[in-house]
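Written below as structure tokens is the structure these notes are about.
Derivation of every value follows stated rules applied to the coordinates shown; laboratory data play no part. Remember, predicted model here, so these are calculated numbers, not experimental data. Glycine gets a Cβ as well: all are built from the backbone with ideal geometry, and neighbour counts include every protein chain shown.
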Amino acid sequence: MRDVLEEELAARLRNLGAEMPVELEPPADLETRVARAKKSARGRRSVAVLAIAAVFFVVVAFGTVLDGRTGDVAPVAVAPVNDPLPKGTVMLGAKGRYVTARDASGKVLATMVTTTHGNVLDAQVTADHKTIFYRVTDPTSPCDKIARADINGRTSQFVARGDTFAISPDGTRLAVSGYGDLASRSCSRAGAGTVAVLDFTNDSTTAKSGAVYDSLVWDNDVLVARACTGSDCGRVVAWHALWNEEQLLANTAQLIARGSRGIYRVDPPRYSGGPWTVNVTPGDLTASPVRLAEIASGWTISGVVPTDADVFVSATAPGQTTPALYRVVDGSLEFVRATDIGAASPVFPIP
């Protein structure tokens, strides 16, 4: 018959299993650790309980738990202060309740954020790896919540509302797009589109009414976006918030992302049966794009992640129903991992 301590241990194991994402494998010697801890507990019960908790906590030491029902500060479990992200991290994946750190093989290295309510739709990390911004669904609101997880500061809080966002690499400016008075952190389901830039250094806001952007990335001080007119989305524009001016960069694009070489685009087929193309505009936004790959029209491209290691693409092959992770090699796609990592964003080395 189990004693009280063993019942508590079993409960802890069940709870931990319910919270961990499927791809995050436990340590190989987990059962040995538990058995050793149980044996030691018979002699020193109170000390052993704390020791066991510490053993398990290492697995999720990077996780931020954020309760989606409130806007209050929530506790954060942190990694070592030198770099909150695990060694080898090249991208973040956002799917379901989790934001995960992944390596160049697509493997989960750590769970960085776990939400208790709502699904994570997008996540981005600042250049110093200390802060993760992410967008989470909110069934009580006409739009999503955008949260900031300060890993080293051990806090997490909601900072804005919107349908899409982009954080500047230094973490000082948050661009959000959607409907309603986003500058005042409120939103609506429809109406005049708005893009707002929140400056955390002086608590100021710059807003542009009448604009609907469904993708946003920063390029230095310029906001690059995929603009929509009604249901027609695809124009790539550069918005200079300082002058409130919009500059057309491309007439059509399916996806955009920022990499160390410039702004990356995935363009849809231009004619029936034509290929998808992956392009990068290096340096100056007005430069001619460089084609990196062509992908047959039967594929579905759902994400592009330009890391310093490789340019990755999340794509669904013909005849398949779920996307997998590929890398761009010599103008085509090379299979990496059969996993749907969700919305992914690149992670660059700390400057």
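Whole-Hz Karplus ³J(HN,Hα) for segment 308-316, in order, using 6.51 cos²θ - 1.76 cosθ + 1.60 and θ = phi - 60°, x for Gly and Pro?
6, 6, 7, 9, 9, 9, 8, 8, 10
Express in whole angstrom the spacing between the alpha-carbon centres of segment 90-146 and segment 226-241.
25 Å
I need the calculated FRET efficiency for the pair ASP221 and ASP181, taking r as the beta carbon distance and R₀ as 25 Å, to the nearest 0.05.
Using R0 = 25 Å, I get an efficiency of 0.55.
Determine, for each peptide in 259-267, 90-98, the mean count of other beta carbons within 10 angstrom over its residues, then list the peptides with the highest first.
Result, highest mean Cβ count within 10 Å first: 90-98, 259-267.
For THR339, which sequence-distant residues (separation of 5 or more, or a different chain) have an amide H within less than 5 Å of its own amide H, given hydrogens modelled in the peptide plane?
LEU325
Whole-Hz ³J(HN,Hα) for each residue in segment 193-210, computed from phi via Karplus 6.51 cos²θ - 1.76 cosθ + 1.60 with θ = phi - 60°, x for glycine and proline: what do you get?
Ordered by residue, 3J(HN,Hα) equals x, 9, 10, 10, 10, 9, 9, 6, 6, 10, 6, 9, 9, 10, 10, 10, 8, x Hz.
Using 0.36 nm per residue, how much length does the chain from ARG261 to ASP284 gain when fully extended, once their Cα-Cα distance is taken away?
Length gained, ARG261 through ASP284: 7.2 nm.
Collect residues whose amide H, placed 1.01 Å from N in the peptide plane, falls under 5 Å from the amide H of ALA110; neighbours closer than 5 in sequence don't count.
ALA101
Gap in Å between the Cα centre of segment 166-207 and the Cα centre of segment 308-325?
So the separation of the two Cα centres works out to 31 Å.
What would the Debye formula give as log10 I(q)/I(0) at q = 0.10, 0.12 Å⁻¹ for the alpha-carbon point model of segment 253-351, no solvent?
After summing over all Cα pairs, the log10 values are -0.25, -0.36.
Hey, what do the phi angles of segment 159-166 turn into as Karplus ³J(HN,Hα) couplings, whole Hz, using 6.51/-1.76/1.60 and θ = phi - 60°, x for Gly and Pro?
Calculated HN-Hα couplings, in order: 10, 6, 10, x, 9, 7, 8, 8 Hz.
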